[in-house]
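Here's the structure we're looking at; comments come further down.
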Amino acid sequence: MYSVSLNPGLQPQAGTITSPPYYQDRNGGRPPRINQWNIGVQREVFTNLVVEAAYVGNRGVWLTGNGLMDFNALSPQRIAAAGLSLNNAADRTLLTSTVNSSTAAAHGFNKLPYAGFPATLTVAQSLRPFPQFGTIPIHYAPLGNTWYDGLQSKLTKRYSHGLVLTGAFTWSKSQTLGAESATGGGIINDVFNRQNQKALSVSDQPLVLVITFTYRVPGLGPNRLVRKVTGDWTLSGLATYASGSLIQVPAAQNNLSSLLFRSTNSNRVPGQPLYLTAINGPIDPNKQFVLNPAAWSDPAPASGVFRPLLQRLPQPAQPQRTGELWPHLPAAGKDDLRTPCGVIQRVQPAAIARPHFYQRLSHADQKCGGVPTSGFGYMNANSAGGQRNGQLLGRFQF
C-alpha cells in the first residue's frame with residue numbers, strides 16, 4: 001500500500017519537461033443543450049399533388065470544445081511583454097534558439113525560468129505560461145456551440161395511374177465553434193480569439209436534392225394471360241444530388257507553430273485558382289492532382305490566422321442514382337419475389353486528400369513512376385464507389 005503524494009515537485013523531474021495527464025475542466029460533465037424549432041406549411045395545389053415547406057433551425061451550446069482552451073500556448077501579447085516581436089526576423093530567430101546558445105545570452109534570455117529547466121530547450125519554451133510543461137491536454141470543456149438553419153421542402157404526387165413521385169430539396173447552413181474539435185472534425189488555430197473560430201461545419205452540405213418514384217405497371221395485352229405476365233410489375237428509383245463536403249484549409253508551413261505552440265493555417269493567394277481541373281468534370285486520379293498548392297501562402301508572422309474552413313471549397317458533388325424492378329406474384333396475399341437491379345447507378349468520386357502537415361509540397365515529390373501516390377489534392381482511385389450492381393431476392397411464404 002502506498003499513500004498518495006501531493007508533492008508538486010514530483011513532476012517534472014530535473015532536466016526535463018513533461019505534460020500532465022490532463023486538465024479536467026471545472027464545468028466538465030455539464031449536459032449540452034440543443035434548442036430546435038421549425039415552422040412549416042403544407043398545401044394541396046392540385047388533386048393528389050401536395051407541396052410542403054418548412055424552416056428548421058437549432059442552436060447547440062455547452063458541447064465539448066476542448067480545442068478552445070490551451071493553457072500553455074504562447075500568445076503574441078506574451079511575446080511582446082518580453083520585448084520581442086514576431087514581425088522581427090531576429091526576434092523569431094532568438095525565440096527558436098536554445099536558452100544556452102550565444103544568441104540567447106547576447107540578448108539576455110539565458111536565464112532559466114526555474115531551477116532544473118533544460119537549457120537545451122528554446123527561448124520560446126522558457127516564455128510559455130508553464131515552461132515546465134509541454135502541451136496540457138484539456139478534457140470535458142463545454143465551450144462548443146453549433147448553429148443550423150435550413151429550408152426543407154417536399155413535393156409529393158400521389159398515386160395517379162400507378163405513379164408516385166416525391167421530391168425533397170434542402171437548402172441549409174451548418175456552423176460550429178469548437179464543437180467538432182474533440183472528434184478531429186475541426187482545427188482551432190487561435191484559442192485567444194474564439195469568435196474567429198466560428199466556421200462552416202465539416203459536415204455542411206448546403207444543397208441536397210432527393211427524387212424518388214414508384215410506378216406499378218398496369219396489365220397490357222389483348223387477353224388475360226398476357227395481362228397477367230406483363231402487368232403488376234413495379235419500377236422504382238432514387239436519385240440524390242448533393243453538394244460535396246468541405247475541404248479544410250491547409251496548415252501553414254512556416255515555423256509559427258514552433259513559436260506559438262499551436263497550429264496556424266494558410267492564407268488564400270488572390271487570383272490563383274483553387275483547382276487544377278474542373279472539380280466535377282472528368283478526373284484521372286492516376287495522372288492528375290486536383291488542388292492547386294500555389295493557391296495558398298503562409299501567413300505573415302504577426303498577422304491574423306485564417307478560419308478553419310474556407311466558405312466554399314467543396315469536395316466533388318456526390319450524385320447517387322439507383323433503380324429497382326420487381327414483379328408482384330401473389331402467394332397467400334404476399335409478394336413472393338423481388339429482383340432489384342441497380343441499373344442506373346453512378347460511380348462515386350473519391351474524396352480529395354489534404355494532409356495535415358507539410359501538405360503543400362511539389363506534386364513531383366509525391367509521385368511514383370509518374371503516378372500520384374499521396375499529397376495535397378490527391379484522389380485515391382481505389383476509394384471510389386457506387387459501381388453498378390444487381391441482386392436477386394426471393395421470399396416464399398406459406
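The values are calculated or read from the model by the stated rules, or taken from the named source; none is laboratory data. Bear in mind the structure is a predicted one, so any value in this text is a computation, not a measurement. Every residue, glycine as well, gets a Cβ built from its backbone with ideal geometry; the counts of neighbours run over all protein chains shown. All accessible areas refer to the heavy atoms of the entire protein, side chains included, with ligands and DNA or RNA removed. Shrake-Rupley method; radii C 1.70, N 1.55, O 1.52, S 1.80 Å.
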Would you calculate the separation in nanometres between label points at residue 130 and residue 214, each defined as 7 Å from the Cα along the Cα-to-beta-carbon direction? 6.0
Suppose each label sits 7 Å from its Cα in the direction of the beta carbon; what would the residue 288-residue 157 distance come out to in nanometres? 3.6
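Given a Förster radius of 22 Å and the C-beta distance between residue 52 and residue 236 as r, what FRET efficiency does 1/(1 + (r/R0)^6) yield to the nearest 0.05? Provide the component values of the computation, followed by the final result.
Details: r = 21 Å, r/R0 = 0.97.
E between residue 52 and residue 236, to the nearest 0.05, is 0.55.
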For the stretch 191-297, what is the Kirkwood hydrodynamic radius in Å, using each pair of distinct C-alpha atoms? 19.7
How much length is gained if the chain between residue 33 and residue 229 is pulled fully straight, taking 0.36 nm per residue apart and subtracting their Cα-Cα distance, in nm to one decimal? 64.8 nm
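Between residue 203 and residue 102, what's the calculated FRET efficiency when r is the beta-carbon distance and R0 is 45 Å? Round to 0.05. Working shown, then result.
Details: r = 52 Å, r/R0 = 1.15.
Efficiency at R0 = 45 Å is approximately 0.30.
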Taking loop as defined by DSSP and a crowding limit of 14 other beta carbons within 10 Å, which trypsin sites (Lys or Arg not before Pro) in the stretch 97-168 fit? 111
Using the heavy atoms of the protein chains alone and a 1.4 angstrom probe, what is the accessible area of the stretch 101-191 per residue in square angstrom? 48
